[in-house]
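Each value in this text was obtained by applying a stated rule to the coordinates, not by laboratory testing. Bear in mind that the values here come from a model prediction, so they are computed numbers and not experimental data. When we count neighbours, we look across all protein chains shown, and the Cβ atoms used for this are built from the backbone with ideal geometry, even at glycine.
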Amino acid sequence: MLALLRFILIAFLVLTVLGWIGRLFLRIYLSRLAHRMQNNTEDKGQKVGETYIKDTVSKEKVVDKNVGNYVDFEEVK
């Protein structure tokens, strides 16, 4: 019985310490990520809160001539 209580106490302490360490590493990771994201917006000349829309150019389907005949998918009922 005493061994079971001792195991539970040790497991609780280990999990608590791991939780503290995990929170510390998560805080460091998130602060570095936020700093990196802030640097990325400064590089593009954007202001904080400004919306940036990137124009996308639609490409036409390109099929290699050596592949053979290209057939679009058709649904068969």
Quiz item: Modelled label-to-label distance, residue 39 and residue 74, 7 Å Cα→beta-carbon offset: nm?
Solution: 5.5
Quiz item: Hey, rough spin-label estimate for residue 12 and residue 25, points 7 angstrom out along Cα→Cβ, what's it come to in nanometres?
Solution: 2.5
